[in-house]
1. Would you point out the residue of the range 111-141, among those that are buried (at least 24 other Cβ atoms within 10 Å of the Cβ) and polar (S, T, N, Q), that is nearest to the chain's Cα centre (by Cα)?
2. Would you be able to tell me the number of residues in the range 113-161 that are in a helix (DSSP H, G or I) and hydrophobic (A, V, I, L, M, F, W, C)?
3. Quick one: is TRP311 of a type outside the set (Lys, Arg), surrounded by 22 or more Cβ atoms within 10 Å (Cβ to Cβ) and at pLDDT 95 or above?
4. Search the range 83-112 for residues being part of a loop (DSSP other than H, G, I, E, B) and among the β-branched types (Val, Ile, Thr), and hand back the single one that is modelled with the highest pLDDT.
5. Hey, ALA272 hits all of (1) farther than 26 Å from TRP111 by Cβ; (2) among the aliphatic types (A, V, I, L, M); (3) surrounded by 15 or more Cβ atoms within 10 Å (Cβ to Cβ); (4) touching a strand residue (DSSP E or B) at 6+ places or on another chain (Cβ under 8 Å) but one; which does it fall short on?
6. Report yes if some residue within the range 200-208 is modelled with pLDDT under 85, surrounded by 14 or more Cβ atoms within 10 Å (Cβ to Cβ), over 30 Å from ASN278 (Cα atoms) and in contact with a helix residue (DSSP H, G or I) (Cβ under 7 Å, 6 or more places away or on another chain); otherwise report no.
7. Give me the residue from the range 275-293 that is under 20 Å from MET306 (Cβ atoms) and not hydrophobic (A, V, I, L, M, F, W, C) and, out of that set, surrounded by the fewest Cβ atoms within 10 Å (Cβ to Cβ).
8. From the list LEU283, LEU256, exactly one residue is aliphatic (A, V, I, L, M) and in contact (Cβ under 8 Å) with a residue 40 or more places away in the chain. Which is it?
Amino acid sequence: MLDIGLQPPRMHFSSFTVAYVLFVLAGICTSLKIRARNFTSVDGTRIYAEAVGSVANQPLLWLHGDSFSGLAFDKQFDDRRLSESFFMVRMDLRGMGRSAKPTNPSNINSWTPDKQAGDVQAVIQGFGLEKPVLLGWSYGATIIADYISQHGADKLSGIVVFGSTIGLLSNIGQFFTIPVQILNDLGDVNALSDKLDHVISQFVWRLSFTPFSQRDFVTMKGIAFGTDSETRNMVSLRPVDWTPMTNANKTLPLLLIAGEHDSISSPGFIDAFIQSGNWSSDLLTTKIIRNAGHVSFWEMPGEFSMAVEDWVKGLKRE
């Protein structure tokens, strides 16, 4: 693991910062027309999603990481080449971004795979997605596993997992390299705002290999600050069943992407995954994004988007 020795700045929200974050969270996009929708999941939870592009194109459904929202994929949704080639959809996971928290957020049953998969299914049905590709960043890979565990893999064209270990190796823990204390602090429901501000700064600063610009740092921090500690805590405690995803290893195309210097999910996972033989070699494609960390899609958007575009266009859409 590469430690670049940087400390996150002690940043607090000025009135300017708050105004800027509100602008970001408004989801304003001047270059492309984005359609925003709200859907009702299986337990009544309201799920927010956005789409851009033609419904006639191959649909891509983007699933963000823990504490973030679909706004993390702004650079992909501002990419006219992607929006003209695919029907691009992004959703905010329950309790994050512009989606609502479940009615009983402190009950672990509100965060189980069937509920998470129900959120995805509500978006798929709401936008009428036929054979979508699911793309999961970090915790978003867990949501892919949730969906497959409840709805199977036969309704998908493929899956893309980036910045994540996907739970199919017995020694998976060694590739999850974020300090445990940061995760514990993020989920501390009793944390004072000053401490939480500092912890979120540490967390966000670790995402990128090349230090964020102040604009990007404030953007990412603002998005992360929108998720409360209770939600983060429940996400860390919730059950996950990776077995159905494992069982799809001979039928479902998989693209694995990692940043060369990811300090949260080690890129060494890719080599170990290939050597494990857990996925049919003719259905597995891997990509290392050089000079990038946990947010390779943000740091190197051109290279990342081209890798996704080329791979998806090579799939057979039945």
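1. Result: SER138.
2. 11
3. So TRP311 does not fit the description; no.
4. The qualifying residue modelled with the highest pLDDT is THR112.
5. (4)
6. Looking through the range 200-208, none of the residues is modelled with pLDDT under 85, surrounded by 14 or more Cβ atoms within 10 Å (Cβ to Cβ), over 30 Å from ASN278 (Cα atoms) and in contact with a helix residue (DSSP H, G or I) (Cβ under 7 Å, 6 or more places away or on another chain).
7. Of everything passing the filter in the range 275-293, ARG290 is surrounded by the fewest Cβ atoms within 10 Å (Cβ to Cβ).
8. One residue alone meets the criteria, LEU256.
The values are calculated or read from the model by the stated rules, or taken from the named source; none is laboratory data. The model shown is predicted, which means the values in this text are computed figures rather than measured ones. As a convention, Cβ positions derive from the backbone with ideal geometry for all residues, glycine included, and neighbour counts pool all protein chains shown.
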